[in-house]
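**Q** Here you go, one structure.
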Amino acid sequence: MTYSASVANNETIGTAEADIHNTDILPPHYKFNDDGTLTRMWRQNGKINVSVQQSLSHNGMTSHFLTFSFRDLNPGETNVKLDFSNPSEMFAVYAVNNSNSNIPHTFASGTMTVSLASGGDHLTATFSGQAYSGAGNEVTITAGEMDLKGFEAAPSSGMTPSGSVIGEGYITGFIDGGPDSVSDFIATEVERIYVPGWGTRPAYWLMRGFWVAGQPAVTRVFVITLLEGETDLEYDLSSDVKASMSYTIQSQSLIGSAFTGVLKFSSLPGTGEARGSFDCHMRGNAPADYRVIGEFLVR
């Protein structure tokens, strides 16, 4: 193993790699290998946080990031399986950053199996799953492996995700012509997460609601995103890249993203409470487009 830093300097060392399948970039399949420029592992608020980066220069691409946040482990705790679709267990993001755009993809399905050596500072993990951008692009990540040693001091709160703890509130509304029998929905398992920027990648807010419905019962997820610092209260989802909405039926790998419609806020997420409404049409890998009307309150 080639380590990326020195343990003597109280830095995280080790390796991380994965196969990335992303049709929005060229090449659409490539091997992620942490290059040591942002290899970090730290403990904060009862969680282990990991951040790794690969810098490239093909076709305007500059960097790729993987970040993970999950519950702390006891020394010697091995083969702990974590579910990306369960926000109380895991929050993870894959991001693409180039000269023209900054595109975060939030993991919505998949698993990570993680172990912490008895010494308490050597973490190994394997992972695979699917991550989705606010525009609905799916990225499949397979053959993920990490072997990291050394916990660093926790960075300032502005540099880390605000958490993946279930909050208070709801995302509720009506789906007209959706991909299955579910029409009325109310998600009361919600979260409001601040995802920090790295380098030229901007920070953003993510509001997510989970509920279980249908026969057989499966998990459905609504995601609303808004770039940090935005002060407008209304966004045109057909053209404004500052905000987005998506809808996922996880076990069926169905995802749609808003391509027309409006997203309105009466309270912006940076105030501590995201409140508003939406009326939009979704398009994705379902047989036909469909309309979603609703409102949300997430704090």
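**Q** How far apart, in nanometres, would the label points at Thr271 and Thr78 be if each is projected 7 angstrom from Cα along the Cα-to-Cβ direction?
**A** Going from the Thr271 label point to the Thr78 one covers 5.2 nm.
**Q** Would you kindly work out the equivalent ellipsoid of segment 236-299 from its C-alpha gyration tensor and give its semi-axes, the square roots of five times the eigenvalues, largest first in whole Å?
**A** Ellipsoid half-lengths, sorted descending, are 23, 14, 10 Å.
None of the figures in this text is laboratory data; all of them are computed from the coordinates on show. Being a predicted model, the structure only gives us computed values, none of them experimental. In this analysis, Cβ positions are derived from the backbone assuming ideal geometry, glycine residues included, and neighbour counts consider all displayed protein chains.
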